[in-house]
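The values are calculated or read from the model by the stated rules, or taken from the named source; none is laboratory data. Treat the numbers as computed from the prediction; the structure is a model and nothing was measured. Note that each Cβ is placed from the backbone with ideal geometry, even for glycine, and that neighbours are counted across all protein chains shown. These accessible areas exclude ligands, DNA and RNA; they are computed on the full protein's heavy atoms, side chains included. Shrake-Rupley method; radii C 1.70, N 1.55, O 1.52, S 1.80 Å.
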Amino acid sequence: MAINHLKHGKPEADRAEDDAKTAAVVAATLKDIEQRGDVAVRELANKFDGYDRDSYRLSQDEIDALIAKVSPRDLEDIKFAQAQVVNFAQAQRDSMLDIEVETMPGVILGHKNIPVQSVGCYVPGGKFPMVASAHMSVATAKVAGVPRIIACTPPFKGEPNPAVIAAMHLGGAHEIYVLGGIQAVGAMAIGTETIDPVHLLVGPGNAFVAEAKRQLFGRVGIDLFAGPTETMVIADETVDAEMCATDLLGQAEHGYNSPAVLVTNSRKLAEETLFEIDRILNILPTATTARVSWDDYGEVILCDTYDEILAVADDIASEHVQVMTDRDDWFLENMTCYGALFLGPRTNVSNGDKVIGTNHTLPTKKAGRYTGGLWVGKYLKTHSYQKITTDEAAARIGAYGSRLCLLEGFVGHAEQCNLRVRRYGGQNVPYGEAAK
């Protein structure tokens, strides 16, 4: 293999050190929330958001007043985007069927898809008001049929952001809180005097929010590890450097630690993209953020073959993968580890982020190796059930079960089966012996 890094990001050891510092801060903060409840949440909201009010939950009157501040055009755009997300989520839900099958005469097995009973949706918004995240988490939960949906978002420039609140409300949130960061996800998962805890946490966030969700997993469910944005561009000479640079920096502006990686088999494209990135950073209004991400987390990787590109891409397992090559469908067929694919130059990650209808809450930090992104199925639990409807089936299954239980040494287990053999099969099976 001939794989060359024309640009490296921050060394892995440094990234690991950053992660360890984040984990320590999160652990201490969650412990504080657990011990002091609303008092701790209020102190954190004042410290990190500079925001205080009698209750962090918005009243219906406040929600209505905020929605009234959204311009008709913006409201129309929010409703359009939400409709796309809802339509795709409904199609996904319709594909998930409850089943019931008779596997042998008298033996009925099945499963039901049951919504989780409460979900806490985190919608980032301290730096940029993430209107689209409300569709992705809140509206999708509504499609799944979750009976209690609560949503948290930080204040934006000192006040609740009207567009974000509108999207939450229109999406179907039953409770809306103006809280950000660790205090938001901690309050939703642990519960306080005024916030009942939820069963599931969903939504993206910064490194602290993602780490808080990781530490809270087990106490509650989480959708996935969705930390700082990652993007990868896979490109060959069928596209130009301006498009590659634009797609990399378009995601690098999210935060100071958003990895952006170009993987290509064209040295010419790689070098021209590096030049274009420098040019765009000199005119991009969000360059203050994007430049730090690019300097610390940007990479350019040059490969000889498409197979090498595929291997590198699957190893990195990036959240967003923009594929612009002469064989986009080949990557669709062969890639196995990623958050979401964006195929062809007409497509772009921002479409997926905001409006096209697929969910933008996606796995980061290599989590794409074992999970896909947030979707309606994340809010559903698939529960199995079984029933035996004939005496013959009860005796037959019971005999097999008895012998298999004793094979493992479980006499009490075996007796559960033997009792059915005696009751329904007419066989006298002594306690502790296998049914024949």
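Take every DSSP beta bridge whose two residues both sit in the chain; close to 35 percent of them are antiparallel. Dipole size of the chain about its Cα centre, with +1 on Lys/Arg Cβ and -1 on Asp/Glu Cβ: approximately 1720 debye, rounded to the nearest 20. Taking 0.36 nm per residue of separation and subtracting the Cα-Cα distance, full extension of the segment from residue 433 to residue 283 would add 45.8 nm.
For region 26-163, a/c is not less than 1.5, where a ≥ b ≥ c are the root eigenvalues of the C-alpha gyration tensor, and a/b does not top b/c. That puts it in the oblate class. 3J(HN,Hα) along region 195-204: 10, 6, x, 9, 8, 9, 10, 9, x, x Hz, from the Karplus curve 6.51 cos²θ - 1.76 cosθ + 1.60 with θ = phi - 60°, whole Hz, x for Gly and Pro.
A 1.4 Å probe run over region 291-436, with the rest of the protein chains in place, finds 51 Å² accessible per residue.
Across the options 389, 410, 426, the greatest Cα extent toward the positive end of the charge dipole of region 386-436 (unit charges at beta carbon of Lys, Arg, Asp, Glu) belongs to 389. Helix 72-95 axis versus longest C-alpha principal axis of the chain: approximately 30°, rounded to the nearest ten. Using a probe of 1.4 Å on the protein chains alone, the accessible area found for residue 254 is around 60 Å². By how many degrees, between 0 and 90 and to the nearest 10, does the Cα long axis of helix 411-425 differ from the longest principal axis of the chain? Helix 411-425 sits roughly 60 degrees off the main axis of the chain.
Among the trypsin sites (Lys or Arg not before Pro) in region 278-354, those placed in a DSSP loop whose Cβ has at most 10 other Cβ atoms within 10 Å are 346. With a cut-off of 8 Å between alpha carbons and a minimum separation of six or more residues, what is the relative contact order of region 379-436 in percent? Relative contact order, region 379-436: 35 percent. Entry note, the chain: the mean residue ellipticity at 222 nm calculated from DSSP H runs of n ≥ 4, each adding -39500 (n - 2.57), is -14000 deg cm²/dmol after division by the residues and rounding to the nearest 500.
Between the beta carbons of residue 104 and residue 334, assuming R0 = 41 Å, the FRET efficiency works out to 0.55 to the nearest 0.05. Whole Å is fine, so just give me how far the alpha carbon centre of region 1-21 lies from that of region 273-326. The distance from the Cα centre of region 1-21 to that of region 273-326 comes to 14 Å. Within the set 127/268; 79/157; 21/157; 127/381, which residue pairs have Cα atoms separated by over 32 Å? Result: 127/268; 127/381 exceed 32 Å. Along the axis of the charge dipole computed for region 277-318 (Cβ charges of +1 for Lys and Arg, -1 for Asp and Glu, origin at the Cα centre), the listed residues 313, 283, 303 are led at the positive end by 283. Exposure here means at most 11 other Cβ atoms within 10 Å; with GluC sites (Glu not before Pro) in a DSSP loop as sites, the longest stretch of the chain lacking them is 194-407.
A crude spin-label estimate for the pair residue 34 and residue 19, with each label 7 Å from Cα along the Cβ direction, gives 2.2 nm. Principal-axis analysis of the Cα atoms of the chain puts helix 181-190 at an angle of about 10° to the longest axis. Each Cα pair under 8 Å and six or more residues apart adds its separation to the average, and for the chain the resulting relative contact order is 19 percent. Site pair residue 343 and residue 356 shows an inter-label distance of 1.0 nm when each label is modelled 7 Å from Cα along Cα→Cβ. In loop segments of region 206-275 as defined by DSSP, there are no trypsin sites (Lys or Arg not before Pro) with at most 12 further C-beta atoms inside 10 Å of their C-beta.
Rounded to the nearest 5, what % of the DSSP beta bridges within region 234-329 are antiparallel ones? Looking only at bridges with both residues in region 234-329, the antiparallel portion is about 0 percent.
Take every pair of alpha-carbon atoms less than 8 Å apart whose residues are at least six positions apart; their mean separation over the length of region 234-300 yields a relative contact order of 45 percent. Along the axis of the charge dipole computed for region 82-155 (Cβ charges of +1 for Lys and Arg, -1 for Asp and Glu, origin at the Cα centre), the listed residues 155, 105, 132 are led at the positive end by 155.
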